[in-house]
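Structure first, then comments.
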Amino acid sequence: MGVPIHINPDRLPDVYDRMFSASREYVLMCEYYNPTPMEIEYRGHRERLFKRDFAGEFMDRHKGVELVDYGFIYYRDPIFPLGDFTWFLMRKPQ
């Protein structure tokens, strides 16, 4: 959670491959989602925070991975008040 958003987009294919290799059956991604890749200023720095469709890119790169479930965490949730992000649970082909 919160790692791919800080990875330079040029390095994401390697990160996706490592995540795929390291998982046995499931991959859970919890990141800031945006349908179009974008860069956000982060603590006064550029090129440190990115929003995009990380799960979609992961599934496109690794054919056969299926989306099992997904959801949104809202910062105003009274029980679990975290930042706004979307989670995706994916299953690797067996």
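Since every read-out is calculated from the coordinates, none of them should be taken as a lab result. No experiment lies behind these values; they were computed from the predicted model shown. Cβ sites come from the backbone with ideal geometry, for glycine too, and all protein chains shown count toward neighbours.
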Whether the chain is rounded, prolate or oblate, judged on the alpha carbon gyration tensor where a/c under 1.5 counts as rounded: oblate
Simple spin-label estimate for R18 and R48 in nanometres, 7 Å along Cα-Cβ: 2.0 nm
Candidates Y16, Y26, Y74, ranked by Gaussian network fluctuation over the chain, Cα under 10 Å, top entry: Y74
Relative exposure of K63, K51, K92, judged by other C-beta atoms within 10 Å (fewest first): K63, K92, K51
Whole-angstrom gap from the stretch 39-94 to the stretch 10-29, using each part's C-alpha centre: 13 Å
Given charges at beta-carbon only (K, R positive; D, E negative), |dipole| of the stretch 1-88 in Debye: 220 debye
Karplus-derived HN-Hα couplings along the stretch 15-22 (A = 6.51, B = -1.76, C = 1.60, θ = phi - 60°), whole Hz, x at Gly and Pro: 5, 4, 5, 5, 4, 4, 5, 6
Fewest-first sequence of H62, H45, H6 by Cβ atoms within 10 Å of each Cβ: H45, H6, H62
